[in-house]
Each structure stands twice: as structure tokens, then as C-alpha cells.
1. How would you rank 53, 14, going from fewest to most other Cβ atoms within 10 Å of each one's own Cβ?
2. Give me the three principal axis extents of the chain from the C-alpha atoms, as integers in angstrom, largest value leading.
3. Stick to Cα atoms and the Kirkwood definition of Rh, then tell me Rg/Rh for region 1-51.
4. Show me 7-13, 56-62 ranked by packing, highest mean number of other Cβ atoms within 10 Å first.
5. So, by mean Cβ neighbours within 10 angstrom, what's the order for 22-30, 75-83 with the highest one leading?
6. For helix 66-76, what angle does its Cα long axis make with the longest principal axis of the chain, in degrees from 0 to 90 and rounded to 10?
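Every read-out reported here was derived from the displayed coordinates using simple, explicitly stated rules and does not represent laboratory data. Everything numeric in this text was worked out from a predicted model, so none of it was measured. FYI the Cβ positions are ideal-geometry reconstructions off the backbone, even for glycines, and counts take in every protein chain you see.
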Ligand SMILES: [Zn+2]
Ligand SMILES: [Zn+2]
């Protein structure tokens, strides 16, 4: 059992795993945060339609999930960041 880096609570991997279900690729092993300190938004990725992970302290919801961001970096060689400027309202 690992403690949460943010609130020091023991991480309940079962609850965290449920929360991370909408994300591609990321598992509880990638996180040092408990479910309470992890913000995940379902269906928000503009690439795959999957869930995105909102970094702690961020107020904007990312356009890319971690897996798609990694894909883009691999494909284009540049880091698109978490948001996609091409998408406008
Ligand atoms: Zn926590
Ligand atoms: Zn995605």
C-alpha cells in the first residue's frame, strides 16, 4: 500500500482503478495519488473519445488523454501539450 502524495491517505487501488477505467493505458501503478485527489473526465479526448486525466491544480480539462498525447509526440515529434488549438467553438 502506498500513501497518496497529496493528502497522505493510503491509496485504495480498487477505487482508483475504477476511476481510471475510462483512461487508456494509465493504471494505478502510474499514479501516486488517491482517487479523491485524481480528477478524470470521461469522454473528453478529442482524438479517441476516451477519458482524460486533469493534472492537479489545472482548471482546464485537457483535450488529449495521456495515451493520445504520447501518440502525437511519437507521430509528429513535437509535444502538442494537453490542449488542441484546432478545436474551437
Ligand atoms: Zn489523496
Ligand atoms: Zn485519447
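1. 14, 53
2. 40, 26, 19
3. When Rh is taken as the Kirkwood radius, the ratio is 1.01.
4. Details: 7-13: 13.7, 56-62: 11.0.
So the order, starting with the most tightly packed, is 7-13, 56-62.
5. Working: 22-30: 15.2, 75-83: 11.6.
Ranked from most to least packed, the peptides come out as 22-30, 75-83.
6. 30
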